[in-house]
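Comments concern the structure below.
The values are calculated or read from the model by the stated rules, or taken from the named source; none is laboratory data. Source: prediction; values computed, not measured. Heads up, the Cβs are rebuilt from the backbone with ideal geometry, glycines too, and the neighbour counts pull from every protein chain shown.
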Amino acid sequence: MPLPIKHLTSTKQLSRDDTDAILQVAAEMEEVVEKGGSEMLKGKILAALFYEPSTRTRLSFESAMHRLGGSAVSAVGMQFSSLYKGETIEDTIQVIGQYTDIICMRHPDQGSADTAAGVSPVPFINAGDGPGQHPTQALLDIFTIQKECDKLDGIHITMVGDLKFGRTVHSLSFLLGLYKDVKFTLVSPKELVMPEKVTSFFDERNISYVQTEHLEEGLDADILYMTRVQQERFKDSAEFERLKLKYVLNAKHLKGKKITVMHPLPRIGEIATDVDALPTAAYFREARNGIAVRMALLAMLLGKA
Ligand code: NCD
């Protein structure tokens with residue numbers, strides 16, 4: 001089932017049908033992994049270009065490629081790249097596209113993914129462009145929500161923390177907004193509220209959302225989506241220090257609650273480790289779901305699923 005797009009830079013490109021198709025292929029990919037992998041992408045090479053730190057996204061893309069019989073080559077860190085010598089993203093991507101069959105890239109600048117996709121001779125996937133978007137994380141997040149809650153229509157999600165700079169919450173909001181009767185509770189300090197690009201999307205579509213500074217007001221939802229305060233986006237380190245642990249979720253907050261706890265990870269203290277043992281702590285399962293979702297995307301964008 002090929003997707004009607006060549007490149008994936010933003011969840012705004014996806015329709016509900018596209019998203020449902022990706023989730024369906026991802027479920028099939030879980031079976032492929034159970035059975036020991038496949039040769040579906042044999043001979044195909046993924047380029048993973050990471051100009052910003054990453055552990056799980058890069059390794060899960062590479063692992064997804066290997067599990068489908070393909071291989072991966074990586075360039076990690078600005079200092080190893082020709083960008084550092086002054087090469088433009090456009091040139092880098094056009095060259096890497098001569099070596100490989102599909103490219104994923106993480107870059108600190110918002111909009112860099114669109115620049116890259118604009119010239120890429122092979123399918124291109126945004127693995128995070130600064131505070132912009134992180135569409136593959138959003139897809140694995142809704143795959144997780146569907147598995148944990150058995151539904152997407154009617155979901156009430158509370159998003160907590162750095163809603164301003166956190167690209168995962170931006171991508172996830174646009175994607176969940178495709179489903180019916182979804183409700184958002186947005187918990188953040190006033191310095192880190194959800195940007196207008198997302199709230200205007202909610203307004204246009206009559207999507208229900210509430211903004212608050214109090215974590216306690218968000219604990220009666222289906223999903224509690226915690227996020228890290230994005231240190232690397234702050235100009236003022238004192239402001240980061242003041243805000244970084246404004247919300248620390250612990251097991252006491254969750255007593256008597258049914259809410260499923262998610263986090264794109266890494267956490268830097270905003271979820272206490274006493275939450276980990278609760279059956280509703282889903283963040284490590286969420287990380288695992290990234291493999292099947294990225295396998296689905298690689299196969300679909302390469303026209304093989
Ligand atoms: C997220 C990211 O890079 O935006 N991490 C990830 O890909 N799982 C979240 C974060 O870094 O806070």
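Do you know which residues across the stretch 249-279 are of a type in the set (A, V, I, L, M, F, W, C) and touching a Leu at 6+ places or on another chain (Cβ under 9 Å)?
Listed by number, the residues that qualify are 249, 251, 254, 259, 261, 262, 268, 271, 272, 275, 278.
Quick check on this structure: which one of 50, 124 is under 19 Å from residue 264 (Cα atoms) and either touching a helix residue (DSSP H, G or I) at 6+ places or on another chain (Cβ under 6 Å) or modelled with pLDDT of 95 or more (or both)?
50
Just for the stretch 88-121: of the residues that are of a type in the set (A, V, I, L, M), more than 16 Å from the ligand (Cβ to nearest atom) and under 10 Å from residue 9 (Cα atoms), which one is surrounded by the fewest Cβ atoms within 10 Å (Cβ to Cβ)?
117
Can you go through 199, 212, 168 and tell me which one is touching a strand residue (DSSP E or B) at 6+ places or on another chain (Cβ under 9 Å), among the polar types (S, T, N, Q) and under 17 Å from residue 261 (Cα atoms)?
168
Any residue that is within 16 Å of the ligand (Cβ to nearest atom), under 21 Å from the mean Cα position of the chain (by Cα) and among the small types (Gly, Ala, Ser) - is there at least one of those in the stretch 187-197?
Scanning the stretch 187-197, I find at least one residue that is within 16 Å of the ligand (Cβ to nearest atom), under 21 Å from the mean Cα position of the chain (by Cα) and among the small types (Gly, Ala, Ser), so the answer is yes.
Please pick out the residue among 49, 59 that is of a type in the set (A, V, I, L, M, F, W, C) and outside any helix (DSSP H, G or I).
49
So which of 50, 61 ends up being within 16 Å of residue 108 (Cβ to Cβ) and either touching a residue at least 24 places away in the same chain (Cβ under 8 Å) or within 16 Å of the ligand (Cβ to nearest atom) (or both)?
50
Of 14, 8, which residue is over 17 Å from residue 288 (Cβ atoms) and within 16 Å of the ligand (Cβ to nearest atom)?
Result of the check over 14, 8: 8.
With outside any strand (DSSP E or B) and either more than 30 Å from residue 67 (Cα to Cα) or outside the structural domain of residue 72 (by TED's automatic domain parsing) (or both) as the only criterion, which of 238, 296 stands out?
Just a single option satisfies the conditions, and that option is 238.
Residues of the stretch 253-270 being within 12 Å of the ligand (Cβ to nearest atom) and either surrounded by 21 or more Cβ atoms within 10 Å (Cβ to Cβ) or at positive phi (or both), which ones?
Once the filter is applied, which keeps residues that are within 12 Å of the ligand (Cβ to nearest atom) and either surrounded by 21 or more Cβ atoms within 10 Å (Cβ to Cβ) or at positive phi (or both), the stretch 253-270 yields 262, 263, 264, 265.
Collect the residues in the stretch 241-267 that are assigned to a helix (DSSP H, G or I) and out of contact with any Ser or Thr (no Cβ under 8 Å at 6 or more places or on another chain), keeping them in residue-number order.
241, 242, 243, 251, 252, 253
Which condition from (1) of a type in the set (Gly, Ala, Ser); (2) out of contact with any Asp or Glu (no Cβ under 6 Å at 6 or more places or on another chain); (3) away from the ligand (no atom under 16 Å from the Cβ) is the one that residue 166 breaks?
Here residue 166 clears every test but (3).
Being at pLDDT below 95 and part of a loop (DSSP other than H, G, I, E, B) is the filter here; which residues of the stretch 70-106 pass it?
77, 81, 82, 83, 84, 85, 86, 87, 88
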